[in-house]
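Asker: Just dropping this structure here.
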Amino acid sequence: MAAISGMSRMSGLCFHAVRQTAARKALRLQHWRSFRVTAMHQQQPFDSSLEKPQFPGASAEFVDHLEFIQPNVISGIAVYRVMDRQGNIINPSEDPQLSKETVLNFYQKMTLLNTMDRILYESQRQGRISFYMTNYGEEGTHIGSAAALESNDLVFGQYREAGVLMYRGFPLDLFMAQCYANADDLGKGRQMPVHYGCKERNFVTISSPLATQIPQATGAAYALKRENTNRAVICYFGEGAASEGDAHAGFNFSATLECPLIFFCRNNGYAISTPTNEQYRGDGIAARGPGYGMLSIRVDGNDVFAVYNATKEARRRAVAENQPFLIEAMTYRVITPKSRPLMSSSKQENTLFLLLKYVIQALKQK
Amino acid sequence: MATSLRCFLRSGKQAVLVVARRGIHRSPPAALQVTVRDALNQAMDEELERDERVFLLGEEVAQYDGAYKVSRGLWKKYGDKRIIDTPISEMGFAGIAIGAAMAGLRPICEFMTFNFSMQAIDQVINSAAKTYYMSAGLQPVPIVFRGPNGASAGVAAQHSQCFAAWYAHCPGLKVVSPWNSEDAKGLLKSAIRDDNPVVFLENELLYGVPFEMSEESQSKDFTVPIGKAKIERPGTHITLVSHSRYVGHCLDAAAVLAKEGIDCEVINLRTIRPLDVECIESSVMKTNHLVTVEGGWPQFGVGAEICARIMEGSAFNYLDSPVTRVTGVDIPMPYAKILEEHSLPQVKDIIFSVKKTLNV
């Protein structure tokens, strides 16, 4: 796989260098070799005597019967989970073995986020702030992924990632100040509510136009790679925003530029009122990853341990191997928990409820 | 709420004026209050019915009834074939709409706000605007790009920019900016019937504002011609030129100034490109003073263009003082309410500029 991608990379270079002499071409290859941190990929010499396709654009075998590749949407990419619906760890080897304090911190932060959301959402309905985005249902995606990162990893969000910032210790006062645009606001009242940003906590300020953060995250990851400080970038977006052209550019470039980057897609089934079957026809966002040459996984976004495990491993390898990862966290967007927030229906398993069940069980055991 | 009351009072005042002039006792015409949103909805409904090549596409236009409910009821009436919800990609659906227009349909492409049209601006300029010329007249692109433009309330920098100047700069486009319900309905119908690409700049704050619509404007064949400005209030001392929401501000300023004996002529541009220079010139030749009012930024803006055109034409010799431009403040729009209020033209700013221009 590495040799194949190396070959297509080499051929890409050759296209650009078509007018140069062979000697100058060799010098450019030398330059690329010394710059890249990953191992050098040797180009296979083309041997026209072999009955093998030798197209620079792809590396594959010949086939002599007509068959279209079937997009597999009935049985899509499997959803990785750690807990069952009762909060039991299914496979003990997948247990992240987190301390009781850590797990309780997860639960505390998710509940705090939930509570803050309720107050600010009501503020918006009362006309005290003009705009608010709740995080109901998706708390697990924030906390699980934030916990798996280092504190100096750079975060690019879309608008539904307040839990990441909360996990990193952004105080409630500053959340409120930003939404109310008062004198304590770090952004001095310039930004709409939920457009948080915090330099000390490495959380890039939220920008309204959808998916513009995706190529920006790629560029930032490229810059971090050059710095060689073992930092990663995580880029959050929804499944709707992944339809934007910027998403395509960001994904593609992250692979060709070999960036230490985690793309984290929150797939909650809706973009305002547009359901996913009108947003795309493929197998979600995870299925797009391999198309760009990215390692990809689909996880249960309501299972905070699954999110944690996937993000942790992705981060480790992204930094060690300088390549992007795509995590698609399947979840639900809960509109307004008009009654108790811990209610779950037969269709939905609330992320808080699942963790609560685990916590209760774990506390019984320990 | 206050705005609608003002509009109601204004329409009442005009009716009284008419009666006084004619000296005949007659009851005012059947006044129908229609919001700008409903006027736009009616225009689209009538054009969809009239020509089956017309269709609407954009984010949330179908089942959600439109992000601002402008297309309410249309999906229910016309179905999936004519009202299409698109995935989130402005570049994508603008391109799709332009391709459909080139293939013979007449799309209405809705941007949730014109701020997001920047994601599609290459399609709008390089594929819609320039194609008729580049094809030596062989390939028209009969498309309407519509959506809210300019400042709303509490939506900050990335949702509040005015694109009138940007689009009006480009040959090949028509750029329309209605103010009241009659403008909205008549101009949208003209835009849909026009074979050229038209950028139709609405205003979110005006959607809910009711204006009086005459009986004539309620007809299904009522259109307002593109490229012709309207004198909303005749006057003699000074000309105020504006477009969209600020026409209302100019009329409010004119009402206040009238009490001090200053008689303002208020022109509603209605169309930004092609600009109705003749209307402005004849007005300036009458009043000798000019103030332009717009929500957009000052540099290279609508007011700047008006100043240049006046200077280039015969009306220049009639000016008794330099033209004053009243514009939005030259900064990205802040969010905090008090900052936002001070970043946009207010009635007092217009009054101040009028007095400065008249040297009173």
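The values are calculated or read from the model by the stated rules, or taken from the named source; none is laboratory data. If you're wondering where the values come from, they're calculated on a predicted model, not measured in any experiment. Reconstructed Cβ throughout: ideal geometry from the backbone, glycine too, with neighbour counts over all protein chains shown. The accessibility values were calculated without ligands, DNA or RNA, using every heavy atom of the protein model including side chains. Shrake-Rupley method; radii C 1.70, N 1.55, O 1.52, S 1.80 Å.
Asker: Please report, ordered by residue number, the helices (runs of 4 or more DSSP H) entirely within segment B:266-360 with at least 3 residues that are open to solvent by 40 Å² or more (accessible area, probe 1.4 Å) and not aliphatic (A, V, I, L, M).
Answerer: Output list reads B:277-287, B:302-312, B:347-358.
Asker: Look through segment B:50-90, keep the residues that are among the charged types (D, E, K, R), open to solvent by 50 Å² or more (accessible area, probe 1.4 Å) and closer than 24 Å to A:R281 by Cβ, and return whichever of them is farthest from the other protein chains (Cβ to nearest Cβ).
Answerer: Residues of segment B:50-90 that are among the charged types (D, E, K, R), as a first pass: B:50-53, B:59-60, B:65, B:69, B:72, B:76-77, B:80-82, B:85, B:90.
From what is left, the residues that are open to solvent by 50 Å² or more (accessible area, probe 1.4 Å) are B:50, B:52-53, B:69, B:72, B:76-77, B:80-81.
Imposing the further condition that a residue be closer than 24 Å to A:R281 by Cβ reduces the set to B:80-81.
Values: B:D80: 10, B:K81: 15 Å.
That would be B:K81.
Asker: Name the single residue, out of those in segment A:310-338 being over 13 Å from the mean Cα position of the chain (by Cα) and among the polar types (S, T, N, Q), that is surrounded by the fewest Cβ atoms within 10 Å (Cβ to Cβ). Reasoning before the result, please.
Answerer: Just the residues of segment A:310-338 that are over 13 Å from the mean Cα position of the chain (by Cα), to begin with: A:316-317, A:319-323, A:331-338.
Next, from what is left, pick out any that are among the polar types (S, T, N, Q): A:322-323, A:331, A:336.
Working: A:N322: 18, A:Q323: 22, A:T331: 24, A:T336: 13.
Per the stated criteria, the residue is A:T336.
Asker: With respect to B:A103, determine if the residue is out of contact with any Ser or Thr (no Cβ under 9 Å at 6 or more places or on another chain) and under 20 Å from B:F300 (Cβ atoms).
Answerer: Judged against the criteria, B:A103 is not a match.
Asker: Okay, moving on. Which of the residues belonging to segment A:134-185 are under 24 Å from B:V155 (Cα atoms) and acidic (D, E)?
Answerer: Passing the criteria: A:E161, A:D173, A:D184, A:D185.
Asker: Residues being more than 24 Å from the chain's Cα centre (by Cα) and touching a residue at least 40 places away in the same chain (Cβ under 8 Å): count how many of those fall in segment B:336-354.
Answerer: 1
Asker: I need the full set of residues from segment A:176-224 which are polar (S, T, N, Q) and within 10 Å of another protein chain (Cβ to nearest Cβ), in order please.
Answerer: First, the residues of segment A:176-224 that are polar (S, T, N, Q): A:178, A:182, A:191, A:202, A:205, A:207-208, A:212-213, A:216, A:218.
Across segment A:176-224, the qualifying residues are A:Q178, A:N182, A:Q191, A:S207, A:S208, A:T212.
Asker: Here's a check for you: in segment A:260-275, which residue that is farther than 30 Å from A:T229 by Cα and more than 10 Å from chain B (Cβ to nearest Cβ) is most open to solvent (accessible area, probe 1.4 Å)?
Answerer: Taking the candidates together, the pick is A:Y270.
Asker: Across segment A:118-152, what is the number of residues that are assigned to a helix (DSSP H, G or I) and either over 27 Å from B:P334 (Cβ atoms) or open to solvent by less than 10 Å² (accessible area, probe 1.4 Å) (or both)?
Answerer: 13
Asker: Here is a further query. Please give the number of the condition B:G99 fails out of (1) touching a Leu at 6+ places or on another chain (Cβ under 8 Å); (2) open to solvent by 10 Å² or more (accessible area, probe 1.4 Å).
Answerer: Looking at each condition in turn, B:G99 falls short on (1).
Asker: In addition: So, A:N252, is that one away from chain B (no Cβ under 12 Å), touching a helix residue (DSSP H, G or I) at 6+ places or on another chain (Cβ under 8 Å) and open to solvent by 40 Å² or more (accessible area, probe 1.4 Å) or not?
Answerer: Against the criterion (away from chain B (no Cβ under 12 Å), touching a helix residue (DSSP H, G or I) at 6+ places or on another chain (Cβ under 8 Å) and open to solvent by 40 Å² or more (accessible area, probe 1.4 Å)), A:N252 qualifies.
Asker: Can I ask one more? Quick one: A:F68 ticks every box in (1) of a type outside the set (G, A, S); (2) open to solvent by 50 Å² or more (accessible area, probe 1.4 Å); (3) in contact with a Leu (Cβ under 6 Å, 6 or more places away or on another chain) except a single one, so which number is it?
Answerer: Only one criterion is unmet by A:F68, namely (3).
Asker: Quick check on this structure: which one of B:F93, B:F114 is open to solvent by less than 10 Å² (accessible area, probe 1.4 Å), over 30 Å from B:Y246 (Cα atoms) and within 14 Å of chain A (Cβ to nearest Cβ)?
Answerer: Residue meeting the stated conditions: B:F93.
Asker: Please go through segment B:30-44 and pick out each residue that is at pLDDT below 95 and among the small types (G, A, S).
Answerer: If the condition is that a residue be at pLDDT below 95 and among the small types (G, A, S), then B:A30, B:A31 are the ones that fit.
Asker: Which members of segment A:290-309 meet the condition of being in contact with a helix residue (DSSP H, G or I) (Cβ under 6 Å, 6 or more places away or on another chain) and open to solvent by 40 Å² or more (accessible area, probe 1.4 Å)?
Answerer: The answer is A:Y292, A:G293, A:S296, A:I297.
Asker: Of the residues in segment A:276-289, how many are open to solvent by less than 30 Å² (accessible area, probe 1.4 Å) and within 14 Å of chain B (Cβ to nearest Cβ)?
Answerer: 3
Asker: When you check B:Q158 against the structure, is it within 14 Å of chain A (Cβ to nearest Cβ) and either touching a strand residue (DSSP E or B) at 6+ places or on another chain (Cβ under 8 Å) or open to solvent by 20 Å² or more (accessible area, probe 1.4 Å) (or both), yes or no?
Answerer: Yes.
Asker: How many of the residues in segment B:161-173 are within 13 Å of chain A (Cβ to nearest Cβ) and in contact with a Lys or Arg (Cβ under 6 Å, 6 or more places away or on another chain)? Steps first, please.
Answerer: Of all residues in segment B:161-173, those within 13 Å of chain A (Cβ to nearest Cβ) come to B:161.
Among the residues that remain, those that are also in contact with a Lys or Arg (Cβ under 6 Å, 6 or more places away or on another chain) are: none.
Total meeting the criteria: 0.
Asker: Being open to solvent by less than 10 Å² (accessible area, probe 1.4 Å) and away from chain A (no Cβ under 14 Å) is the filter here; which residues of segment B:117-146 pass it?
Answerer: If the condition is that a residue be open to solvent by less than 10 Å² (accessible area, probe 1.4 Å) and away from chain A (no Cβ under 14 Å), then B:V124, B:A128, B:A129, B:V141, B:I143, B:V144, B:F145, B:R146 are the ones that fit.
Asker: Within segment A:150-166, does at least one residue satisfy the condition of being under 20 Å from A:R125 (Cα atoms), out of contact with any Cys (no Cβ under 9 Å at 6 or more places or on another chain), away from chain B (no Cβ under 14 Å) and touching a residue at least 40 places away in the same chain (Cβ under 8 Å)?
Answerer: Taking segment A:150-166 and keeping what is under 20 Å from A:R125 (Cα atoms), we get A:159-160, A:162.
Going one step further and asking which of them are out of contact with any Cys (no Cβ under 9 Å at 6 or more places or on another chain), we end up with A:159-160, A:162.
Now restrict to residues that are away from chain B (no Cβ under 14 Å): A:160, A:162.
Then keep just the ones that are touching a residue at least 40 places away in the same chain (Cβ under 8 Å); that gives A:160, A:162.
There is at least one residue in segment A:150-166 that is under 20 Å from A:R125 (Cα atoms), out of contact with any Cys (no Cβ under 9 Å at 6 or more places or on another chain), away from chain B (no Cβ under 14 Å) and touching a residue at least 40 places away in the same chain (Cβ under 8 Å).
Asker: From the list A:L172, A:L165, A:L149, which one is more than 17 Å from the chain's Cα centre (by Cα) and modelled with pLDDT of 95 or more?
Answerer: A:L172
Asker: If you don't mind, there's one more thing I want to ask. Can you find even one residue in segment B:238-245 that is aliphatic (A, V, I, L, M) and open to solvent by 10 Å² or more (accessible area, probe 1.4 Å)?
Answerer: Looking for residues that are aliphatic (A, V, I, L, M) and open to solvent by 10 Å² or more (accessible area, probe 1.4 Å), one finds none in segment B:238-245, hence no.
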